[in-house]
Amino acid sequence: QVQLVESGGGLVQAGDSLRLSCAASGRTFNFLVGWFRQAAGKEREFVASISGNGGWIRHADSVRGRFSISRDNAKNTVYLQMNNLKPDDTAVYYCARGRLGWSNLPSDYNDWGQGTQVTVSS
């Protein structure tokens, strides 16, 4: 079992930047981590994922070029740097542990954090 805790969300204006953190505890931090988001009234959608050693990374088309996932295994933390934020990025952002290989499906992830709210005003 692993515990994941997200932080770093907030209220910003369009064009601003935020960096979200996903801190892990409870087991060796060498697992795949994914970031997802869920806007009000919508399904949870994939944002980005990173392998246990950071060797490969995937970003959703909607955020590629603006968001960047990274990790610091010495700090048991995965980051999501979000630049040039848009109102459509408004959502609760979650991190989770991947159960299998790379996947963009929420059902392939476990140990979800509680989420952090990101609100982007126009």
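A few points about this structure:
- Scope the range 85-103; condition within 15 Å of Leu18 (Cα to Cα) and part of a loop (DSSP other than H, G, I, E, B); matching residues: Leu85, Lys86, Thr90
- Every residue from the range 18-56 that is closer than 11 Å to Leu80 by Cβ and open to solvent by 60 Å² or more (accessible area, probe 1.4 Å): Arg19
- Within the range 64-91, considering residues that are open to solvent by less than 40 Å² (accessible area, probe 1.4 Å) and in contact (Cβ under 8 Å) with a residue 60 or more places away in the chain, the one nearest to Lys42 (Cα to Cα): Leu85
- Across the range 1-17, the qualifying residues are those that are in a strand (DSSP E or B) and open to solvent by less than 30 Å² (accessible area, probe 1.4 Å), and the one among them that is farthest from Val120 (Cα to Cα) is Leu4.
- Just one of the listed residues (Arg37, Arg44) is touching a Pro at 6+ places or on another chain (Cβ under 8 Å), more than 18 Å from Ala24 (Cβ to Cβ) and at pLDDT 95 or above, and it is Arg44.
- Count of residues meeting criterion [farther than 27 Å from Thr28 by Cα and outside any strand (DSSP E or B)] in the range 61-84: 7
- The range 104-122, residues that are outside any strand (DSSP E or B) and either touching a helix residue (DSSP H, G or I) at 6+ places or on another chain (Cβ under 8 Å) or without any contact (Cβ under 8 Å) to a residue 12 or more places away in the chain (or both): Ser107, Asp108, Ser122
The values are calculated or read from the model by the stated rules, or taken from the named source; none is laboratory data. None of the values given here were measured: they were computed from a predicted structure. All Cβ positions, glycine included, derive from the backbone under ideal geometry; neighbour counts span all protein chains shown. These area figures cover heavy atoms from the full protein model, side chains too; ligands, DNA and RNA do not enter into them. Shrake-Rupley method; radii C 1.70, N 1.55, O 1.52, S 1.80 Å.
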